[in-house]
Amino acid sequence: TFDLSLTLISGLTGRTVGHPVSFNLTGQGKLIGPLLHETQLGAYYILFGLGSIQAISLQDIYLHATGKVPKPHPVRRKDMIWENLKKTNSSFIHIYRGSERVEFLTPLVAGFGHNRNNLDSVSNLNSTRSDWVLVYGASTLSVLRQRDLHKEWTFNSAQIHCQPALGHFNNDGVLDLFVQHSANGIMTALIINGANGTLLWKAEFVCPRLLLESYTVLTSTGQSAFLFWASKPIKKHVNIARATMAPGVAAAEPLIRKLFLMHPAYPTVLLQLSSTTDTAVTSAVSYLEHLKDATYITVSSRPTTDSEPSTWIVESTSLRAAIKRGQIIRLGENEKTEAAGKLDALEVTTFFRRLSFKRQEYEVTENIEESQRSSYLVHGNFGGAVEFYC
């Protein structure tokens, strides 16, 4: 069991609204949320769980916290499609509860980060109105439709260690999913079609022993650039046993971790932007719209002597500048990569250097001035927080 309390905090005054609302969660696994969701009917719900996902309406939280019916009309609104999923005499709506534990739940919105370090305020706002990407049982990935909470499709993989990154690989207008999994010294990167769950792209690398969120950045071509950390790509003719050292041997030599950029226009080519023996522990992407550029920010740990603590390093890199210095890496040999090998190196270099970056464009479903909105903060006692407008 786990005790959870949600507290409403006014975004206008900073004061607590009513008293904390406490819940007793049962289950095992990761803490999920709290995450705000706005349904198609404009009703607000808070999603959270312990190895599972359940939801409670904002109206119910406000009523429990204050004993009063909320005044703002959007807070009073409920979605009957969701409400009909409730069990008798329960305030909770069960979004997902199964034998396999939930590992990740993320909005189907480009740029959203599970560490809440997303610096794109537009995608943060739209994350409340989207479908959901659900990873459960460590190796099963599904898209959950927000309108009726049914699964759109399901993809089975080896164990997924990091939250999927969302971007546009093909030109169908539907976000695709970049996922990574590691096993037996090999890190496999996959891109899954967001429309139907089929595999679009795959590459294997020497395992970097690094669990760091990947990112996507929309480019001037209308497709996304996929940013991720890995080690040396594994080619099919290389003996995997020789490509990966035994644990004791691998530990004796510093492992070089590389930051790669992949663009769908050249799926058999990677651009290596940097390499380091430091361990990156968190990262974020920020946009420089006036320069048509984006900045990749990392916080890394560098080991020192036994008597001294590790050094923490913060680095900020312009993607366009990093591309100019980048090194072209071709992936493993097959029919497609043989064709890529014949590509004019100047053509590939010119393409990457002409790339510019921009924010993902979203449709805003409501035309409400900021000054006309009330702002609240919902805070969970395990450290999660969601800000939203109503």
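The values are calculated or read from the model by the stated rules, or taken from the named source; none is laboratory data. Since the structure is predicted, the reported quantities are computational estimates derived from the model, not experimental observations. Cβ coordinates were reconstructed from backbone atoms using ideal geometry, including for glycine residues, and neighbour counts include every protein chain displayed. The accessibility values were calculated without ligands, DNA or RNA, using every heavy atom of the protein model including side chains. Shrake-Rupley method; radii C 1.70, N 1.55, O 1.52, S 1.80 Å.
Quick check on segment 293-308. Is at least one of its residues of a type in the set (Lys, Arg) and closer than 21 Å to Phe357 by Cβ? No, because not a single residue in segment 293-308 is of a type in the set (Lys, Arg) and closer than 21 Å to Phe357 by Cβ. If you filter segment 287-307 down to residues that are touching a helix residue (DSSP H, G or I) at 6+ places or on another chain (Cβ under 9 Å) and outside any strand (DSSP E or B), you find that the one that is nearest to Trp229 (Cα to Cα) is Lys292.
For segment 1-45, a residue qualifies if it is assigned to a strand (DSSP E or B) and at positive phi, and the qualifying residues are Gly18, Gly33. Taken together, the criteria place Leu149 among residues that are modelled with pLDDT under 95, out of contact with any Ser or Thr (no Cβ under 6 Å at 6 or more places or on another chain) and at positive phi.
Thr279 falls short of the stated requirement of being surrounded by 12 or more Cβ atoms within 10 Å (Cβ to Cβ), modelled with pLDDT of 90 or more and out of contact with any helix residue (DSSP H, G or I) (no Cβ under 8 Å at 6 or more places or on another chain).
Residues are listed down the side, and each one gets a yes or a no for (1) of a type in the set (A, V, I, L, M); (2) more than 21 Å from Ser130 (Cα to Cα):
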site: Gly11; (1), (2): no, yes
site: Leu35; (1), (2): yes, no
site: Tyr44; (1), (2): no, no
site: Tyr62; (1), (2): no, yes
site: Pro72; (1), (2): no, yes
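Picking from residues in segment 46-95 that are part of a loop (DSSP other than H, G, I, E, B) and under 18 Å from Thr16 (Cβ atoms), the one that is most open to solvent (accessible area, probe 1.4 Å) is Lys71.
Pairs are defined by a Cβ separation below 6 Å, a sequence spacing of at least 6 or placement on different chains, a first member in segment 187-199 that is closer than 18 Å to Ser224 by Cβ, and a second member that is in a strand (DSSP E or B) and of a type in the set (Gly, Ala, Ser); the pairs so defined are Ala189/Ala203.
Out of Phe178, Phe226, Phe205, one residue alone is under 27 Å from Ser274 (Cβ atoms) and more than 19 Å from the chain's Cα centre (by Cα). It is Phe205. Of all residues in segment 1-21, those that are farther than 17 Å from His64 by Cβ have Cβ atoms under 7 Å from Cβ atoms of residues that are among the acidic types (Asp, Glu) and modelled with pLDDT under 85, 6 or more apart or on another chain, in Gly11/Glu387.
A quick yes/no check of all residues on (1) open to solvent by 20 Å² or more (accessible area, probe 1.4 Å); (2) part of a loop (DSSP other than H, G, I, E, B); (3) modelled with pLDDT under 95; (4) closer than 28 Å to Thr349 by Cβ:
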| residue | (1), (2), (3), (4) |
| --- | --- |
| Trp229 | yes, no, yes, yes |
| Val238 | yes, yes, yes, yes |
| Arg242 | yes, no, yes, no |
| Met245 | yes, yes, yes, no |
| Leu261 | no, no, no, yes |
| Ser274 | yes, no, yes, yes |
| Val285 | no, no, yes, yes |
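For beta carbons closer than 8 Å, sequence separation of 6+ or different chains, a first residue in segment 289-300 that is over 14 Å from Asp278 (Cβ atoms) and of a type in the set (A, V, I, L, M, F, W, C) and a second that is surrounded by 20 or more Cβ atoms within 10 Å (Cβ to Cβ) and at pLDDT 90 or above, the qualifying pairs are Ala294/Val217; Ala294/Leu319; Ala294/Phe357. In segment 140-167, the qualifying residues are those that are of a type in the set (S, T, N, Q) and crowded, with 16+ Cβ neighbours inside 10 Å, and the one that is farthest from Gln40 (Cα to Cα) is Ser157.
On the basis of being modelled with pLDDT of 70 or more, closer than 24 Å to Ala189 by Cα, of a type outside the set (Gly, Ala, Ser) and part of a strand (DSSP E or B), does Ile328 make the cut? In short, yes.
On the given criteria, is Leu200 surrounded by 21 or more Cβ atoms within 10 Å (Cβ to Cβ), among the aliphatic types (A, V, I, L, M), at pLDDT 90 or above and part of a strand (DSSP E or B)?
no
Condition check ((1) modelled with pLDDT of 85 or more; (2) more than 18 Å from Leu8 (Cα to Cα)) across all residues:
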position	(1), (2)
Thr26	no, yes
Lys30	no, yes
Tyr45	yes, no
Phe48	yes, no
Ile56	yes, no
Ala65	yes, no
Ile81	yes, yes
